[in-house]
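Below: the structure, in structure tokens.
The values are calculated or read from the model by the stated rules, or taken from the named source; none is laboratory data. Keep in mind the model is a prediction, meaning the values are calculated, not measured. Because the Cβ atoms are built from the backbone with ideal geometry, glycine has one as well, and the counts that use them run over all protein chains shown.
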Amino acid sequence: METPNYKETLARADPVLQAVSDGVTVQDATGRLVYANDAAARICGFDDARAMLGASTSEILARLDVRDELGRKLDTSRLPGAEVLAGEHPPPVLVNTRENATGRRFWSIVRSKGVRDQSGRFHLVVNVWHEVTDQQRKKESARFLAEVSSRLAASLEYEETLASVADALVPELADWVVVDLFDHGKQRRIAASHVDPRKRELARMVGEIYPLKAGQPGGVLNVLQTGRPELYPVVSHELLRRGAHDDEHFELLRQFKISSVMIVPIVVEDRTVGTITIMGAESGRHYDEDDLELAMEIARRSAVAIANARAYRAAKDAARLREEFITVAGHELRTPLAALQLQLESVKSAADSGALVSSPEKFAARLDKAFANVRKLTRLIDGLLDVSRLSSGRLVLERAPMDLAALVRAVAERFAEPAQRAGCDLRVDADMPVSGRWDSARLDQVLSNLVSNAIKYGAGEPVRVRCALEDGTAVVTVEDEGIGIQKQDRERIFGRFERAVSERNYGGLGLGLWIAREIVREHGGTIKVEGRRKKKGAFFRVALPVSA
Ligand code: ADP
């Protein structure tokens, strides 16, 4: 019987098969490759069909890493072509081919059909490789993102969850992932994940030993500054050398065999707070724009997780502060109330015993004390009302022309007696008029708070209040020589309910400075506190624009 000359047949069919977008390969009865079109050659890592057909079976296999849908290595006997030759009827198989040299990956659905000769035996197998790389990558991305999201949602400790996200990317997307967060320009490497667990520590250490190199045209610091992602599909030695600090660092980086890099910014509320650096290394993979898009989505989701965690922390802190405040407020209200109760009881018993008539001056003194406690209670309650007013942004200033220096003198006069009782020498330096349009009652509140704090925390030492015009700005300073305020507390004490002393030693609601700052801000001014150079005590400075 005459064997059909399939070579001739295939040669004749070639122009038609080259026009097909699917890859087509043909094997003979021994499994040897006898035909391939260019599309098939490309999927198998060759430039064209000619190059592929010129290679031996072992050469072809050496170029490729062939895996099934689940990522398991596929040996040639499990490819559908081989199964057809073994007399089976294999279903289409999803095959992942990865070019070892470049790390490029293709996904194809491979269908194989046998061609019988005249005696009815299979003498050829035709394999059609229908490429589905795009669909498969989309599926993979969706799977990744679902995994990333579930890891991010697992806990509100975002440093932990970001480390777990880094782990999730290895080895499917990367051989090496590092996550850096930046706080006031300080870098913290919070995760370093590597396919080889032994290299993890090394990856972390490289970050610690060699802080990021500044002043480069690209790299992590650049991404941090610009907020724009960077993609290096191929990492050359040149590029590594530019990123290295010295020869030793270069050598270390070289040992990591980095083949490709993506650096994406983590942006929270318009600020880049960190970066995720995703690297291909041993696997030899090279990233492209689609990979970068996926990396950016991972960074966006990480940013949302960070923002949520921060908001949760802030809400928790606020709830804790509020609770503390309620305890302190209860205590603060109770003290003058208890005193008032005692004073009224003593007035009543004096009235009952007729002592009222015999010594009315004693009666008047007791009533004065009772009034003082009523005033204290009123002040506390006014403070509480201010909190709700200010928190809902309902502070309306009633501006009118006034002399700030005169107000300073009046407040100081009011505090002369409490200062004396505390053993404080209250000195006022406010002789020259300082005129402007301000809300006098509100500024009275600010000044009263500063002076009463200076007396309260002033340890019986002198307190100085000054008012003057400095470069067209009205300035009031209140200076004491008391317990002072630690540097780390100087901003915080202007927060609502914030205090820097224990409630056991000093009463107070932690509201005065917060209200003062709100009022001063509403006037377009500033209020801040400084330490006194090499001396004990605190120095508060209020600056108000005069032209408003
Ligand atoms: P309060 O004095 O009622 O606690 P404030 O808002 O007026 O609330 O002050 C907040 C905190 O700032 C105080 O608890 C105290 O720790 C600190 N502070 C304010 N003024 C002074 C000062 N002159 N010296 C030392 N600490 C001060």
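Residues in segment 139-167 that are of a type in the set (G, A, S), more than 20 Å from R105 (Cβ to Cβ) and surrounded by 15 or more Cβ atoms within 10 Å (Cβ to Cβ): how many? Please lay out each step first, then the result.
First, the residues of segment 139-167 that are of a type in the set (G, A, S): 141-142, 146, 149-150, 153-155, 163-164, 166.
Filter once more, so that each one left must be more than 20 Å from R105 (Cβ to Cβ): 146, 149-150, 153-155, 163-164, 166.
This time we only want the ones that are surrounded by 15 or more Cβ atoms within 10 Å (Cβ to Cβ), so: 149, 163-164, 166.
Matching residues across segment 139-167 total 4.
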- Task: Name every residue in segment 168-208 that is surrounded by fewer than 19 Cβ atoms within 10 Å (Cβ to Cβ), in contact (Cβ under 8 Å) with a residue 40 or more places away in the chain and in contact with a Lys or Arg (Cβ under 8 Å, 6 or more places away or on another chain), in order of residue number.
- Result: L181, F182
- Query: If you scan segment 467-513, which residues turn out to be part of a loop (DSSP other than H, G, I, E, B), under 29 Å from the mean Cα position of the chain (by Cα) and among the aromatic types (F, W, Y)?
  - Reply: F497
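Where residues in segment 420-466 are assigned to a loop (DSSP other than H, G, I, E, B) and of a type in the set (D, E, K, R), which of them is nearest to the chain's Cα centre (by Cα)? Break it down into steps so the answer makes sense when it comes.
As a first pass, look at segment 420-466 and keep what is assigned to a loop (DSSP other than H, G, I, E, B): 422-425, 430-434, 439, 457-462.
Next cut, of a type in the set (D, E, K, R) only: 425, 431, 439, 461.
Details: D425: 49, D431: 51, D439: 40, E461: 45 Å.
The residue in question is D439.
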- Kindly check whether there is at least one residue in segment 136-152 that is aliphatic (A, V, I, L, M), more than 30 Å from S236 (Cα to Cα), touching a Pro at 6+ places or on another chain (Cβ under 6 Å) and at pLDDT 90 or above. no
- Message: Go through (1) among the charged types (D, E, K, R); (2) farther than 24 Å from D444 by Cβ; (3) within 8 Å of the ligand (Cβ to nearest atom) for D480 and report which single condition fails.
- Response: (2)
- Test A454 against the stated conditions and say whether it is within 15 Å of the ligand (Cβ to nearest atom), surrounded by fewer than 22 Cβ atoms within 10 Å (Cβ to Cβ) and in contact (Cβ under 8 Å) with a residue 12 or more places away in the chain. no
- Message: Please pick out the residue among S388, S358 that is more than 50 Å from the chain's Cα centre (by Cα), hydroxyl-bearing (S, T, Y) and over 17 Å from F415 (Cα atoms).
- Response: S358
- Query: Does at least one position in segment 317-333 carry a residue that is among the acidic types (D, E), at pLDDT 90 or above and over 15 Å from the mean Cα position of the chain (by Cα)?
  - Reply: no
- Message: Please go through (1) part of a loop (DSSP other than H, G, I, E, B); (2) over 24 Å from Q135 (Cα atoms) for G71 and return the number of the only condition it doesn't satisfy.
- Response: (2)
- Query: Which number in (1) surrounded by 18 or more Cβ atoms within 10 Å (Cβ to Cβ); (2) near the ligand (Cβ under 7 Å from one of its atoms) marks the one condition that V520 misses?
  - Reply: (2)
- Query: Out of all the residues in segment 263-299, which are more than 14 Å from L181 (Cα to Cα) and of a type in the set (K, R)?
  - Reply: R285
- Query: Which number in (1) loosely packed, with under 15 Cβ neighbours inside 10 Å; (2) in contact with an Asp or Glu (Cβ under 6 Å, 6 or more places away or on another chain) marks the one condition that D439 misses?
  - Reply: (1)
- Message: Can you find a residue that is surrounded by 14 or more Cβ atoms within 10 Å (Cβ to Cβ), touching a Lys or Arg at 6+ places or on another chain (Cβ under 8 Å) and without any contact (Cβ under 8 Å) to a residue 40 or more places away in the chain anywhere in segment 278-295?
- Response: no
- Give the residue, chosen from E498, E491, E470, E503, that is over 26 Å from W438 (Cβ atoms) and either more than 9 Å from the ligand (Cβ to nearest atom) or at pLDDT below 95 (or both). E503
- Query: Do we find that A311 is free of Cβ contacts under 8 Å to residues at least 40 places away in the same chain, within 26 Å of the chain's Cα centre (by Cα) and within 22 Å of S164 (Cβ to Cβ) in this structure?
  - Reply: yes
- Task: Report, by residue number, each residue of segment 506-529 that is among the β-branched types (V, I, T) and either modelled with pLDDT under 95 or in contact with a Ser or Thr (Cβ under 9 Å, 6 or more places away or on another chain) (or both).
- Result: I515, I519, V520
- Checked segment 366-388 for anything modelled with pLDDT under 85, surrounded by 12 or more Cβ atoms within 10 Å (Cβ to Cβ) and aliphatic (A, V, I, L, M); matches are L380, L384, V387
- Task: Could you tell me which residue of segment 73-114 is surrounded by the fewest Cβ atoms within 10 Å (Cβ to Cβ), considering only residues that are of a type in the set (V, I, T) and at pLDDT 90 or above?
- Result: I109
- Flagged in segment 523-541 as of a type in the set (V, I, T) and away from the ligand (no atom under 12 Å from the Cβ), in numbering order, are T526
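For every residue, the table says whether it meets (1) within 13 Å of I276 (Cβ to Cβ); (2) touching a strand residue (DSSP E or B) at 6+ places or on another chain (Cβ under 9 Å); (3) modelled with pLDDT of 85 or more.
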| residue | (1), (2), (3) |
| --- | --- |
| V179 | yes, yes, yes |
| L202 | no, yes, no |
| M205 | no, yes, no |
| Y210 | no, no, no |
| A214 | no, no, no |
| E230 | yes, yes, yes |
- Query: Given the conditions (1) among the hydrophobic types (A, V, I, L, M, F, W, C); (2) modelled with pLDDT under 90; (3) under 30 Å from A468 (Cβ atoms), which single one is not true for A419?
  - Reply: (2)
- Cβ-Cβ under 7 Å pairs, at least 6 apart or on other chains, segment 530-541 side modelled with pLDDT of 90 or more, far side hydrophobic (A, V, I, L, M, F, W, C) and within 10 Å of the ligand (Cβ to nearest atom): A538/I485; A538/V529; F539/V529; F540/L450; F540/V478; F540/V529
- Message: Every residue in segment 515-524 that is of a type outside the set (A, V, I, L, M) and in contact (Cβ under 8 Å) with a residue 24 or more places away in the chain, please.
- Response: E518, E522, H523, G524
- Task: Go over the candidates L544, L511 one by one and state the one that is hydrophobic (A, V, I, L, M, F, W, C), within 12 Å of the ligand (Cβ to nearest atom) and in contact (Cβ under 8 Å) with a residue 60 or more places away in the chain.
- Result: L511
- Message: Let me spell it out: the conditions are (1) among the aliphatic types (A, V, I, L, M); (2) closer than 30 Å to K369 by Cβ; (3) more than 13 Å from the ligand (Cβ to nearest atom); (4) touching a helix residue (DSSP H, G or I) at 6+ places or on another chain (Cβ under 6 Å), and A430 meets all of them except one. Which number is the exception?
- Response: (2)
